[in-house]
Every structure is written in C-alpha cells, then in structure tokens.
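Working notes, beginning with the structure itself.
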Amino acid sequence: MQDTTKGSAPIPHFGRLTVLQILDGMRATDLSVRCQCQCGKTLYARMPHLVFGRITACYDCAPDEYHRLNERNRTKPDRCGYRGCTSGRPPYLADEVITSWTCGLWFCSEQCRKQEAGIRQWYVTREFNKRLHGGNVNEPPLNFGYLTVIGVQGTKGLNRTVTCECRCGAVVETRIADLVRKRVTGCPECAPITTRICVRCFKELPLKRFVRNNATRDGYHSYCKDCMSLSAKQAREVAPLPPPGIRCARAFCTSDAPVTVLAKRRDSIVFTEWFCSRRCKQLETTYRRSIVRKIIGLADEFRKLAI
C-alpha cells in the first residue's frame, strides 16, 4: 500500500485514511487504531488491513473493499496461507480469531499458521513504524522454510556459504542465493529437491527432464531436454507462459491479479519468478536484498563467537 501523502507527514496515512490514535495508548505492535476518512467519518480498523491495503477508506466511500474482505474470509483456497510452506498438503485449518494477524487465512498445519503470523506481525510493525516515526526498523527473521541461519562463511556476496540448521536438527550448507531464491528450504530428508526451473522456457520440471552435468553446482544442465535443441532465436520467439495456478512471488502481495511479469535477468535475485506487476517485482527484489545484507552482516558476529 503506497503512502498517498507527500513529504514526511507527522502521522501515517493509508489511502484516504489518516490514523488519529493508537487505541488505549498501545504501541504500534498492537492491532487496532482509530482513523478518519477524507469525507470526515471516523472508523476503527486493524493495522494489518491498513498496511496490506485491504481497507483504504470508510464503508461509504469504498464498500467494495469490505465486501471483498468478507468474501475472502469465507473462501477456502487450494494452497496453504504460509508462503514458505513446502508440505504440499491442502489447507484445512482456518484462522477465525478476529485479533489474529492471519485472520481469514487457511493453513495446512498449526505450525504454518504460527510462522505466517510471526512474519506478518514483523512486516506490519515495520511498515507502521516507518510512517509513524520515519526511522530505522528491525530486520526480518533469518528463517527460510525449515532452515535457520547459524553461520556465514566466504567473501563473495550471494556466493557466500551459509550454514543452516533444519527443523529436524540436521546441518545444511548452501549459498545465500539458494536461500533467498527459495531453491533450498530444508535438508534432503525434510525438503528433497525433485524439480528445477529451466532458464530458457521458465517452466518448473522434474529433474529427469534435465541432462546431468557435473560442472554445475546441482549436477544438472540449466536447460531442459526440449530447450537444448532450440536456438537462441527460436527461444526468444516463443513467449513463456506462467504455470497454471501460480501466485505472485512477492511475499506480502495481497492482490488477486493474474501474474504477467517474469524476471528474466540472470543476475537478478528473483530470476525465473513471476509477479502480478512490476512494482511487486521491485518490492520483492528490495526486500530480498535487505535479507542478504542482514545475512552478510552476521558474518563478523559469527566470527567473533568462534573466537
């Protein structure tokens, strides 16, 4: 949700709404605020709804937003509401607690609900503090799927070696790029890698559709068998289409628009991923770069602990 005010405002604005009071003197980490619409009407709203852009005006000015919000809470999706979920199980658990950070979402397990709630609480707090104070905010948690960062080695940016601990206790070593690009989400037992994305047709295919190549990091060629026979000119003439049922790759995108933008630059931190708009692509790129800076900044701390 963009801030519609210009310059540094003393109070945060969200669309047509201006925040007048954080209820009962609560901090920005709490849920409810009192707002005033541009038409003069005063209303109460939850901060997640403001930050994620679900409510931008009062009911009289934008009734469709409230209808969509209610319809969204009743509709059961076909995927878990936690973006980092790797189980593949259909959701069955609905969060109906009105004061919850994930109210209206469906999950495949209680663990996924707690993880998504923690991420959303951090995100809402960060965005609200940005507009309330305009200062620095806390960095995101260093969790990637089932992995938690416990060490950093190397000196080459995204190619640094990161030591992670899986939820089962196993220790995994991988690159920073593989973490932030969501290629590695757990140990081989908890989250085995069975597919990869062809960098020519941009389709996620099983590993058996790729030729073995021991010169690469993962042991497979970057092109699938079908694309290896195509020339570069032929590959450019065939426009890649998004896979069916795919969602926007931005971690906090709440739009229902279909994905249309593909990240084609090989040096991009979101390479081969689909987005619903260029803005979502830029926001996700900036967000992942901040995570990379946080991981690299921990290298000195881990080195001091080792000494």
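The values are calculated or read from the model by the stated rules, or taken from the named source; none is laboratory data. Since this is a predicted model, take the numbers as computed values, not measurements. Cβ sites come from the backbone with ideal geometry, for glycine too, and all protein chains shown count toward neighbours.
Quick notes
- Positions within region 199-225 being assigned to a loop (DSSP other than H, G, I, E, B), of a type in the set (A, V, I, L, M, F, W, C) and in contact (Cβ under 8 Å) with a residue 24 or more places away in the chain, in sequence order: V199, C201, F202
- Scope region 29-44; condition buried (at least 19 other Cβ atoms within 10 Å of the Cβ) and at pLDDT below 80; matching residues: L31, V33
- Criterion: touching a Cys at 6+ places or on another chain (Cβ under 7 Å) and at negative phi - qualifying residue of V180, V162, V199, V172: V172
- Region 242-260 residues that are under 19 Å from G88 (Cα atoms), paired with ones that are surrounded by 12 or more Cβ atoms within 10 Å (Cβ to Cβ) and of a type in the set (G, A, S) (beta carbon under 7 Å, 6 or more apart): C248/S255
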